[in-house]
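J.: Take a look at the following structure, please.
The values are calculated or read from the model by the stated rules, or taken from the named source; none is laboratory data. Owing to the predicted nature of the structure, the values given are computational and were not obtained by experimental measurement. No Cβ is skipped: glycine too gets one built from the backbone with ideal geometry, and neighbour counts run over all protein chains shown.
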Amino acid sequence: MSDQASRRSRSLKPLSRLNPYLMRYRGMALAALLFLVLAAVTTLALPLAVRRVIDHGFTSQDPAFINQYFVMVIVLAVVMAISSAMRYYYVITIGDRIVSDIRREVFSHVSRLSPAFFDVNQSGEIVSRLTADATQIRSAVGASASVALRNIIMCFGGMVMMIYTSPRLSIMVLAAIPVIVFPLIAFGRSVRRRSRAAQDSLAEASAFAGESIAASRTVQAFNGEGAAEARYSDAVENAFQAARQAVKARAILTGVAITLVFGSIAGVLWYGAQSVLSGTLSAGTLSQFVLYSVLAASSLGQLSEVWGELMQSAGAAERLTELLAEVSAIRSPETPQPLPEPPRGEVWFEDVHFAYPSRPGRSALKGLSFAVDGGETVAIVGPSGAGKSTIFSLILRFYDPSSGRICLDGRDIRTVSLEDLRNRLAIVPQDVTIFSGTIHDNIAFSRPDASRDEVIAAAKAAQAAEFIDRLEHGYDSRVGERGITLSGGQRQRIAIARAILKDAPVLLLDEATSALDAESETLVQKALDELMQSRTTIVIAHRLATVLKADRILVVDDGHVVEQGTHQSLIRDGGLYAKLARLQFQMSHDDVLSPAK
Ligand SMILES: Nc1ncnc2c1ncn2[C@@H]1O[C@H](COP(=O)(O)OP(=O)(O)OP(=O)(O)O)[C@@H](O)[C@H]1O
């Protein structure tokens, strides 16, 4: 564990980060506190009643007096019961409420962080913060904090009442505390050390068993069963010995604890009894004192149990609120400029240099310039790693260039709001994400307010309607996780339907490299033709059909444009494109040499 991690788990301070959330529910928090104090005070009042009953009721033989006190005890018990129930309700509800708020806020914040954040953070870890850490906080706010608070009040109140009841006996108890506590702490440490050693040995034995069983074929093929058995039994024996040591230490600890605690209690009680006999202390006062000591001691015990939980929750609160402090590298400007109306769909790259933030030393784009006119179809072609996908990421403003400008309809995209910019762009990615939900929801992802008719029209235009109609529940069929799985071609057509529904002036199309069967290929192609009509299209091309249809081809290599032209002109020039075309589109040598065919 790093220094930072170990320091984290030793402080309760990060829990204060939950204060702003708590303050939102001030009323409920006050109510919880009120009932908490009320429950503690009534508990602390009970021993007072006990003393009065013992000292006055029994000695004066006055049944009316006893009845009166028992009625009082019942009233106290009812108050205690009601306030405990209310405390439980309020405290748990506040915990749940705060955790829901934090979850919502963290999710909404994280969803808006730029991809640079996700380049260096694992999504699994973030999700675990949202789930496991949030649950930990729920238990901290909901249970541990209230138990801790109640026990602090009880322990403190119990001690005050002990002193109030009998200062002399209290001094004796105080004197006994170090006698009990120090040996227990020392022993406790050794027990913990031994338990950890036992657990480590067991983990080692289990690891060996797991490995050996998983590789049972290898073990048997080499006649290694005997050796494995011997090694495992050694490991198990070690674990047993370590566990025995731990148990022995714990047994001694229990014995020592009982001796010390009861010895001290007996000592204090003996002294108390002597005082009762000599008439300096009443029997009721002694009982009251004993009850307060029991209350104070048990509160202390419970406090030590929830302390560890509170520590863990503090760590959880820290990890979760850390995410909220994360500032997105990509934000809308303070005063965004509007994009020109109506949209023209012009995209310019002007001498764009860019390196990914996670790899600052290596430029992905090195002075890239090109201009795409409204309605034009431009194909981007280049070797793997040339920077083609990076161009899309920059148009979508997932990252900002380190120098140069990217403009949409003549406006630098950094001067317009992210929402306006992305409203004008539709993307059909290579790897289509299908969310768990219905087909309708998946298509309408690009425009959640779209009507069923609009979704059907988009699906028809994307050549997807036919396969959707064949599904048992049509547009309401569930897909994605725990739903039906779609084929590669079907997923692509869903993505195309999404883009058609969005109807944005600029289409970014990352053609799939994976081969589809001939029928899917034809359907996807038809769907794309429909989509590309009457809008600007920038396509990372992997298919011959696409480059043949493009108005212009940009050949990108090592972060800049090295050639541009039509398929024919580029083949004629015999440069990088001619070479790539031969490899990528599997054209024969003759095709390349006589491109007019
Ligand atoms: N998120 C990222 N973080 C760091 N480096 C990246 C990231 N994405 C891409 N790169 C690097 O940037 C360079 C350009 O990558 P890019 O994905 O744009 O290439 P490409 O032309 O699309 O390649 P391909 O055809 O193989 O998809 C590569 O060297 C790549 O390793």
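J.: Could you pull out the residue among Gly374, Gly315 that is modelled with pLDDT under 90, away from the ligand (no atom under 16 Å from the Cβ) and in the same structural domain as Pro115 (by TED's automatic domain parsing)?
T.: Only one candidate qualifies: Gly315.
J.: If we keep just the residues of region 122-155 that are polar (S, T, N, Q) and exposed (fewer than 14 other Cβ atoms within 10 Å of the Cβ), which is nearest to Ala296 (Cα to Cα)?
T.: Ranking the qualifying residues of region 122-155, first place goes to Thr131.
J.: Of all the residues that make up region 434-447, how many are under 17 Å from Leu507 (Cα atoms) and either surrounded by fewer than 18 Cβ atoms within 10 Å (Cβ to Cβ) or of a type in the set (S, T, N, Q) (or both)?
T.: 2
J.: Restricting the search to region 270-282, which residues are within 11 Å of Val173 (Cβ to Cβ) and either touching a strand residue (DSSP E or B) at 6+ places or on another chain (Cβ under 8 Å) or surrounded by fewer than 20 Cβ atoms within 10 Å (Cβ to Cβ) (or both)?
T.: Tyr271
J.: Out of all the residues in region 393-421, which are of a type in the set (Phe, Trp, Tyr) and buried (at least 19 other Cβ atoms within 10 Å of the Cβ)?
T.: Tyr399
J.: Kindly evaluate Thr285 against the criterion of being part of a helix (DSSP H, G or I) and exposed (fewer than 12 other Cβ atoms within 10 Å of the Cβ).
T.: The answer is no for Thr285.
J.: Taking region 385-411, which residues are within 8 Å of the ligand (Cβ to nearest atom) and assigned to a loop (DSSP other than H, G, I, E, B)?
T.: Gly385, Ala386, Gly387
J.: State whether one or more residues within region 330-345 are part of a loop (DSSP other than H, G, I, E, B), more than 22 Å from Leu418 (Cα to Cα) and within 16 Å of the ligand (Cβ to nearest atom).
T.: Checked region 330-345: no residue is part of a loop (DSSP other than H, G, I, E, B), more than 22 Å from Leu418 (Cα to Cα) and within 16 Å of the ligand (Cβ to nearest atom).
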